[in-house]
1. With respect to residue 39, is the statement that it is without any contact (Cβ under 8 Å) to a residue 24 or more places away in the chain and either exposed (fewer than 12 other Cβ atoms within 10 Å of the Cβ) or not assigned by TED's automatic domain parsing to the domain that holds residue 129 (or both) true?
2. Just one of the numbered conditions (1) in contact (Cβ under 8 Å) with a residue 12 or more places away in the chain; (2) under 24 Å from residue 168 (Cβ atoms); (3) in the same structural domain as residue 13 (by TED's automatic domain parsing) is not true of residue 105; which one?
3. Please go through region 108-132 and give me each residue that is within 30 Å of residue 20 (Cβ to Cβ), surrounded by fewer than 16 Cβ atoms within 10 Å (Cβ to Cβ) and without any contact (Cβ under 8 Å) to a residue 40 or more places away in the chain, ordered by number.
């Protein structure tokens, strides 16, 4: 996987597009579930049969089709910001699962751990801003400033947070 670089995105455009994407997902799941459930009932059911499993199969098939469609469309320029935020959330989740080890290593002066924390904190700041999460922003900014000071003391660049995902394998 290539280096993940944080980039600025237009908050209003992102929010508008993510709402449209999720509305599209809901509509597609509802329509496709009905379509596939009806098809399975017509093809594989008898009049007195319980249709629970046919309906469940219809929902599962619809979910597979929607996921497949999203994966095919994620490279489209219209979905660029939405896909970027999805990828960012996945990367932050990977970091979160190893956070205790990374924080302990950063306290011991590990330069890679400091870079990972910088990426995590800056990425979280960006997500909090996009989601209008102002409740925990102050605590996040305190942690971010402390890590920036630690990085500067270690002679590390703090200007553009980026992360090589291979660094996470060290922890």
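1. When the stated conditions are applied, residue 39 passes them.
2. Here residue 105 meets the rest and fails (3).
3. 131, 132
The values are calculated or read from the model by the stated rules, or taken from the named source; none is laboratory data. Source: prediction; values computed, not measured. Glycine also receives a Cβ, built like all others from the backbone with ideal geometry; neighbour counts cover every protein chain displayed.
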